[in-house]
Amino acid sequence: MLYRWLVATGTKKIDEVAALLEKTGGDAQRLEVVRRTQKFKRSWIELAEALTKVRATRSFARWGFEDFYDYCSSELTLKRATVDKLTISYSTIQTHAPEVLEWDGVAKAIPSYDAVDYFSRAVGPANDPEPEGDEPAPRGRKPANTPPRDPELVREMKSAVFDEGQPVAELRKRFDPVLHPRPKGADRLELLTKASACARKLAELLPDIEGLPEKRVRKLEEELGALRENLDGLAEPLREQVARAQKRLMKPPKVPAAQAV
């Protein structure tokens with residue numbers, strides 16, 4: 001209910017802004033961006049294109065806003081994280097799949113910006129939007145010195161996103177094991193840690209449950225304590241093993257001597 005109320009509130013504000021700009025003969029570009037925000041659910045690419053142009057031309061300044069994100073938040077009710085996803089996803093399409101910009105969304109479905117954002121985070125767009133002046137850079141992007149992904153993996157991901165139109169949930173299921181490999185033993189360690197946490201939580205809740213005999217509660221607390229000791233004993237050697245494996249995964253590959261500069 002709260003989510004629906006927030007969405008309705010945001011939509012109402014956008015509608016009011018659009019009506020005011022139309023009534024007062026407001027700036028044409030400004031009105032166009034508001035209109036595209038109204039159509040956001042139907043075509044995110046149109047809004048992303050408009051936002052990219054607003055940022056590039058700094059139009060928000062002549063409309064009386066301090067910076068790009070202030071404009072997006074105050075007038076369009078768009079959170080910074082959403083704005084970054086939109087503009088960077090648009091840049092990614094321009095770089096990796098410009099043909100998508102010609103699709104009408106009917107004959108061929110346009111991928112969701114979440115799916116494009118996933119692709120962007122994995123391979124990195126060639127032309128991330130540059131911040132203006134003191135404007136902070138988009139958050140959560142790959143560092144500039146991150147080595148490029150394997151070309152074959154990039155092609156497979158590109159096909160999954162732009163040709164197959166897979167949703168982000170399917171992309172994660174398919175590519176996360178490759179993009180974010182887990183060290184050997186990590187799954188078992190996670191299971192043991194969760195089980196221990198559940199046993200601790202249950203032990204904490206037992207005294208608050210009315211109707212349970214005190215003797216029964218004490219016995220269960222003892223048994224759960226012993227269970228936690230067993231689980232922690234099994235997890236301890238795995239923690240060191242997983243930590244060492246994680247360091248190896250994070251270590252940059254060695255450059256062959258023949259290729260060294």
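In terms of accessible area, using a 1.4 Å probe and ignoring ligands and nucleic acids, 72, 198 rank largest first as 198, 72.
Counting only heavy atoms of the protein chains and using a 1.4 Å probe, residue 202 has close to 80 Å² of accessible surface. Under the classification rounded if a/c is under 1.5, otherwise prolate if a/b is larger than b/c and oblate if not, where does segment 74-120 fall, given a ≥ b ≥ c as square roots of the Cα gyration tensor eigenvalues? Verdict is prolate for segment 74-120.
For residue 78, the residues whose modelled amide H falls within less than 5 Å of its own, excluding neighbours fewer than 5 places apart on the same chain, are 73. Which shape class, rounded, prolate or oblate, goes with segment 153-192 when its Cα gyration tensor gives a ≥ b ≥ c as root eigenvalues, a/c under 1.5 marks rounded, and past that a/b bigger than b/c marks prolate? Here segment 153-192 falls in the oblate category.
Report the FRET efficiency, 1/(1 + (r/R0)^6), for residue 214 and residue 190, where r is their Cβ-Cβ distance and R0 is 30 Å, rounded to 0.05.
On the way: r = 35 Å, r/R0 = 1.16.
Computed FRET efficiency for residue 214 and residue 190: 0.30.
Modelled this way, with points 7 Å down the Cα-to-C-beta line, the labels at residue 174 and residue 13 are 3.7 nm from one another. Between residue 182 and residue 99, the FRET efficiency from the beta-carbon distance, with R0 = 25 Å, is close to 0.10. Segment 33-99 and segment 204-249 have Cα centres lying 49 Å from one another.
State, as an integer percentage, the relative contact order of segment 163-253 based on alpha-carbon contacts under 8 Å between residues 6 or more apart. Each step should come with its number before you reach the end.
Numbers: 41 pairs, mean separation 39.1, N = 91.
Over segment 163-253, the number comes to 43 percent.
The values are calculated or read from the model by the stated rules, or taken from the named source; none is laboratory data. Since this is a predicted model, take the numbers as computed values, not measurements. Cβ: placed from backbone, ideal geometry, glycine included. Neighbour counts: every protein chain shown. Ligands, DNA and RNA are stripped out before the accessible areas are found, and what is left, the full protein with its side chains, is counted by its heavy atoms. Shrake-Rupley method; radii C 1.70, N 1.55, O 1.52, S 1.80 Å.
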